[in-house]
Amino acid sequence: MITSFAFLIASVLFILGIKLLASPKTARRGNLIAGLGMVIALLAVLPQLHGSHGESVSLWKWLLIFVGILLGLVVGAAGAYKVKMTAMPQMVALFNGAGGGAAALVAAIEFAHLTSDSSLKFVVSMLCAAMIGAVSLSGSIIAFFKLEGHFDKPVTYSAQQLLNGLLFVVSLLLALAMAGGSHSMMLMGLFLVIALALGVLMVMPIGGADMPVVISLLNSFTGLAVAADGFAIDNVAMIIAGTLVGSSGTLLTLAMCHAMNRPVTNVLFSAFGKVDATASAAAAATGSVKSVQADEAALLLGMAGRVVIVPGYGLAVAQAQHQVRQLADELAKKGVEVSFAIHPVAGRMPGHMNVLLAEADVPYDQLIEMETINPEMERVDVCLVIGANDVVNPAAHEDKSSPIYGMPIIEAEKAGTVIVMKRSMGKGFAGIENALFLRDNCRMLFGDAKASLQELVTLVKAG
Ligand code: NAP
């Protein structure tokens, strides 16, 4: 009774936490509240623990459990404190993989305790948890390595889908054998190995560029695996938490695909990143690169009536969020109207720019979404693009041969003058040329975003 009540409280806190995560203003509180829910669920389950024959838990097993909890707390907290903002997707991949692995382990352990009385619901739920959890574990590990820059190009080979299909059929046959009454741990071992292989084979052909979407999808897999475990062992908190993770992961995956104007199937099966980027480069290559020095850029900014700043991944790499805030403040002191245009997939994870700018206390009302800013772009005097590339690439609506054709972009090219701050003519995430940089109204301010912004702040202040 007390356990059920505690699970109910935990579930309410999970839901409240997710609700609060929807806005940067309340996200921290949401995270803490969901964390509290997890602590309550963890404490509630402890008195329920018992041995496989119903006997009470021995002292050394309690010790083992607490060492496990302590280890998890230390690794989780240290990881979260130490991780750089730009490496957040990698950390999410690892934590998500651990969740999937844990769900698969729970299922495998439960399988070892199957009896002839075990219900079909129990067996099927457990097999689903084992399969999905193991796919999520190995897939997340590959996603982690791809994000770290290892084998980040799509690895494709002939008969790839055939091999995946074959492995899936074999795993299905094994599942049928186990559901039909064959309780051999050998079969379960083989089943898990195939699921792990499927996770690897599923993620290897996907380019590093699409890993945030893959992680979000694998996150929803982990949620489903946990929910399936919950069904198997009759744990309501696991069912609710797993379903929440499963559905929010799926919605996030769809939202990211929508923002890139690509169906999920395109992300999973098109080997994006292996495309021939020269086709769109050829279409884009008209005009010349015109560089600008910091003093001229500061003058243009200081004289403008309205400035829109478009932050991108490069701003996060340079960790220049505080400098950009200072620049916005200095310009505002001169009477310039400054706002930030936020593209939904700028950076490397959903909400990346919002989090980054919130860190520097940029007021939320200065952040304007893409759909709102685009119709106003023609009335903007200077558009300052900082470390953004793909999200301002006009090829997305002008060049049908471009791999990003159809992706909504911030229409920076429509502003009176565009100043692009980046280190070189280097490409962005999609690996394609950007025709914006060659436009007549575009000036390139080359250099590290932090150093250039620092210089601009000094010059605008002095000007
Ligand atoms: P981007 O296209 O990756 O371009 C970033 C640019 O920043 C690069 O061209 C780079 O040019 C520049 N840069 C790097 N370090 C810099 C530094 N220290 N100082 C100044 N510039 C620096 O970034 P984006 O425009 O933000 O686009 C995001 C991409 O990620 C999109 O293709 C999107 O589809 C993809 N994506 C995002 C998400 C998400 O959830 N946010 C999910 C999946 C995919 P230089 O090397 O020349 O400096």
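The values are calculated or read from the model by the stated rules, or taken from the named source; none is laboratory data. As the structure is a prediction and not an experimental result, all values here were calculated from the model. Note: ideal-geometry Cβ built from the backbone for every residue, glycine included; neighbour counts use all protein chains shown. In case anyone asks, the SASA skips ligands and DNA or RNA and just uses the protein heavy atoms, side chains included. Shrake-Rupley method; radii C 1.70, N 1.55, O 1.52, S 1.80 Å.
Projected onto its three principal axes, the C-alpha set of the range 83-125 covers 51, 16, 7 Å, listed from the longest axis down. Overall form of the range 1-90: oblate. Here a/c, set by the Cα gyration tensor axes a ≥ b ≥ c, is 1.5 or more, and a/b is not larger than b/c. For the range 108-170, the Stokes-Einstein estimate of translational diffusion at 10 °C and a viscosity of 1.306 mPa s comes to 109 µm²/s, using the Kirkwood hydrodynamic radius over alpha-carbon pairs. Computed in the context of the full set of protein chains, the accessible area of the chain at 1.4 Å probe radius has 67% of its extent on carbon or sulfur. Kindly provide log₁₀ I(q)/I(0) values, in the same order as q = 0.22 Å⁻¹, from the Debye equation applied to equal alpha-carbon scatterers of the range 34-181. Normalising to I(0) and taking log10 leaves -1.41. Do the alpha carbons of any pairs in 25/414; 25/450; 422/461; 146/427; 82/290 sit beyond 29 Å of each other, and which pairs? Among 25/414; 25/450; 422/461; 146/427; 82/290, the Cα-Cα distance tops 29 Å for 25/414; 82/290.
Only protein heavy atoms count here; on that basis, with a 1.4 Å probe, residue 63 has an accessible area of about 120 Å². Averaged per residue, the range 41-117 has 65 square angstrom of accessible surface, using a 1.4 angstrom probe with ligands and nucleic acids left out. In a reduced charge model with +1 at each Lys and Arg Cβ and -1 at each Asp and Glu Cβ, the range 381-458 shows a dipole moment near 180 debye about its Cα centre. Given DSSP loops and a limit of at most 12 other Cβ atoms within 10 Å, what is the longest stretch of the chain that contains no such trypsin sites (Lys or Arg not before Pro)? Excluding the exposed sites themselves, the longest stretch runs over 85-399. For the chain, the 222 nm mean residue ellipticity estimated from helices alone, with every DSSP H stretch of n ≥ 4 adding -39500 (n - 2.57) and the total spread over all residues, rounds to -19500 deg cm²/dmol. Is the shape of the range 295-427 rounded, prolate or oblate, going by the alpha carbon gyration tensor and its root eigenvalues a ≥ b ≥ c, with a/c under 1.5 for rounded and a/b larger than b/c for prolate? Cα axes put the range 295-427 in the prolate bin. Taking 0.36 nm per residue of separation and subtracting the current Cα-Cα distance, fully stretching the chain between residue 158 and residue 39 would add 38.1 nm.
Note that the range 129-271 presents 43 Å² accessible area per residue, ligands and nucleic acids not counted, probe 1.4 Å. Counted over all Cα-Cα pairs of the chain, pairs farther apart than 38 Å make up 34 percent. Annotation: amide H of residue 310 within the under-5 Å range of 341, 384, 385, 386, sequence separation 5 or more or interchain, hydrogens built in the peptide plane. Here the chain is assigned +1 on the Cβ of each Lys and Arg and -1 on the Cβ of each Asp and Glu. Its dipole about the Cα centre then comes out at about 440 debye.
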